[in-house]
1. Would you mind finding the one in S7, S25, S12 that is out of contact with any Phe, Trp or Tyr (no Cβ under 9 Å at 6 or more places or on another chain) and among the small types (G, A, S)?
2. If a residue has to be away from ligand 2 (no atom under 15 Å from the Cβ) and under 25 Å from I89 (Cβ atoms) to count, how many in the stretch 42-55 make the cut?
3. When you go through R273, R240 one by one, which is the residue that is open to solvent by 20 Å² or more (accessible area, probe 1.4 Å), outside the structural domain of D489 (by the TED database), touching a residue at least 60 places away in the same chain (Cβ under 8 Å) and over 11 Å from T455 (Cα atoms)?
4. Restricting to the stretch 68-81, give me the number of residues that are within 16 Å of ligand 1 (Cβ to nearest atom) and either on the phi > 0 side of the Ramachandran plot or touching a residue at least 40 places away in the same chain (Cβ under 8 Å) (or both).
5. Among the listed residues G107, G80, G172, which satisfies the condition of being modelled with pLDDT of 95 or more and either among the charged types (D, E, K, R) or under 36 Å from the mean Cα position of the chain (by Cα) (or both)?
6. Might you let me know whether the stretch 128-137 holds any residue that is at pLDDT 95 or above, within 14 Å of ligand 1 (Cβ to nearest atom), more than 27 Å from H379 (Cβ to Cβ) and not in a loop (DSSP other than H, G, I, E, B)?
7. Take I109 and decide whether it is in the same structural domain as E34 (by the TED database) and within 14 Å of ligand 2 (Cβ to nearest atom).
8. Working only within the stretch 260-289, note down all residues that are outside any strand (DSSP E or B) and in contact with a strand residue (DSSP E or B) (Cβ under 6 Å, 6 or more places away or on another chain).
Amino acid sequence: MSYNYRSNVVNSEQMRRIEGAIFASGMPVAALMEKAALLTAQKFKKSYSLADFPKIGVIVGPGHNGGDALVIARELHLAGYQVSLFCPIAKLKDLTAQQANYVKHLGLIFQKTLESLEDCQLIIDGLFGFGLERTLSADIAQLVDKINGWQKPIISIDIASGIHTDTGEVLGTAIKATHTFCLGLWKRAFFQDLALPYLGKVELIDIGISPLDLETILQDSPPILRVNPALIRPYLPLPRPLLTHKYQQGHLLIICGSRRYAGGAILAGLGARGSGVGMLSIAVPAALKSLLISHLPEALIIDCPETATGAIAELPLELNNYHVLACGPGLTTENPAIIEQVLDSDKPIILDADALNILAQLGIEKLSSRQNKTILTPHWGEFKRLFPNLSDSQDRINITQEASQQSGAIILLKGARTIIASPEGKMYIIPESSSALARGGSGDVLTGLIGGFLTQMPDNPPEATALAAYLHAQAGILAAQERTELGVDGVTLANYLFAALKDSIPPAPLDKGGADRRGDQN
Ligand SMILES: NC(=O)C1=CN([C@@H]2O[C@H](COP(=O)(O)OP(=O)(O)OC[C@H]3O[C@@H](n4cnc5c(N)ncnc54)[C@H](O)[C@@H]3O)[C@@H](O)[C@H]2O)[C@H](O)CC1
Ligand SMILES: [K+]
C-alpha cells in the first residue's frame, strides 16, 4: 500500500493524529499554519483578483481555522486588498490570538458588527475547521444564516463552517460556500452527499504532508481512497498482450431484460461493450432476441423461455461456463428463481436493479453460502430495501462499509459521490460526477461496464468496480460538457466511455505495450 495526499481520505481524528505526528517530529505548529495559509492566499489571489474583489470580509473563529484566516487576511492586506475582520467568539486559542495581535499591529480592523462586512465583495469563512465538535449555538447560527443571505461568494477555509468533517452533517446550520480550499488531505465530508451543497467548488491545498507521516497514522486502518487516473492506471486491462484471443479476454454473461423493459438489456450490453470485454453473451426473453442483435451485433444473444408477461422464465444455461455473470437491468421481479440460480453459481456475480429487489425479498443472508465474489450496485432506494437496519444513518461512507461487512459483498452505493466498499476493508470513492447521470438507464450501462472489467480483471474485483464507476462518471461529465446535462441519455453515455478512458488514463511513460500498439497500427 502506498500513501499519497491526493488519494487518502481521512477523518478528523486521523487528521489530528497526522498533524500531531508532524508537530512531534519538530515542525512548529505556527510554521504549518503559515505554510497552509500562504498557499491558500496564493491560490485565492489567482481566482479572486484585487481588481474584481477589492474589499474582502474575513470571519475569524476561535481555533486554528481562525488562525489560518488571519494569516490569509494579512497576506491579502499586504497585497493591497481592503480587508475587514469579524470575530464573533472572544476567547481565541493562543496562536490565533498571536496572529490577531499582529494583524492589528498592521492596521487591520476587527469590526464590532457583522453588518460592517456587508459591503465586501466576498467573504472568507475561517470560523471552524475540523475542530467543530458540536451544534452551532443560536447566536453563531444566526450569524451564519445572515452571511448566507447576503448571496456573496463565500470562500471556506478547510471546510464550510457548520459541516461535520466526517459525516458531512449540517450541525444546526452551515456556511454555504461557493468555493472550499481543503487543507492538506481530503476529509470524509467532501464525499458525503449531505455536505456537497455547502462546499461549492472544492480544491485541495497541498501543504506537503509526506507519505511517511501518512503511513505512520493510517497503516492500522483500512484506507479510503479517492479514485484518480494514477490510482486506476495499474489495473486497466491495457495494454493487451500481443498474443491473445477473445476467450482469454474473458466471457461475460449478462442476464437482463423483459418485454416491458427491453432497453435496460441494450444499455447493459453497451456498457459491457465499453469495457472491451473479449466475449459478451446476453440472456434475454426470446422476444427480445432480434432487437438485441440489431443493437449489439458482436454479442451472442441467448433467447430464454418467457413467462406470460414477458420476463425470463428460466435460464437454460450452464452458468459456470462464463467467467462473470451480471444480472438485473430490466429483469422485473417476477421470477426470483432466476436470481436463486445466479446466486448458486460458483462465478463472480454483479447484481443490480430488479436483481437487488429480489435479493431484498430473499434476504441478504442468501449471500453467505456463495463461494465467489458478489458485487451489489444499489442506489439509495435499493440500499434501504437491502439493508433496512442501516438506512437511518446518512453517513454514506460508514453505511457502505457496514453493508459490505454484513453481506460479505462488494457494495457500490450510487450517489453524487459513489462509494465502493469491499468486505476485506477496501474503500474507493468516486470524486466527481455529473447530475446528467441521474437519469433512467445510466445504471444499466454501469452494470455492464463493471461486468466487462471484472471479466478482464478477475483478481481485483474492488478495483474493477472502482474503475468502471470512475469511467462511468467521467463519461457523464464529458458528455454533459459537450451536450449539457440534459443531453446524456444512456446510449450517449455509453458512447462517451471510450473518450473518458482515453482522457482519464494517460499512457504510462514507459508503456511497452503502447509501443506494441503503435507498431500494430503501422
Ligand atoms: N490540516 C492541517 O494540518 C492544518 C490545519 N490547520 C487549521 O486548523 C484547523 C483546526 O483547528 P482547531 O483549532 O483544532 O479547530 P477549529 O479551528 O476548527 O475550531 C476549534 C475551536 O472552536 C471551538 N468550537 C468547536 N465547536 C464549536 C461550536 N459549535 N461553537 C463554538 N465553538 C466551538 C473549539 O472549542 C475550539 O476552540 C483546521 O481546520 C485548519 O484550518 C492549521 O492551521 C494548519 C495545518
Ligand atoms: K471554515
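The values are calculated or read from the model by the stated rules, or taken from the named source; none is laboratory data. Values in this document were obtained by computation on a predicted structure and should not be read as measured data. Here the Cβ is made from the backbone with ideal geometry for all residues, glycine too, and neighbour counts use every protein chain on show. Protein only, heavy atoms only, side chains kept; ligands, DNA and RNA dropped before computing areas. Shrake-Rupley method; radii C 1.70, N 1.55, O 1.52, S 1.80 Å.
1. After ruling out the rest, the residue left standing is S25.
2. Qualifying residue count, the stretch 42-55: 1.
3. R240
4. Residues that pass the stated criteria total 5.
5. Only one candidate passes the filter, namely G172.
6. No - not one qualifying residue is present in the stretch 128-137.
7. So I109 does not fit the description; no.
8. Across the stretch 260-289, the qualifying residues are A265, A268, G269, A272, V277, A286, K289.
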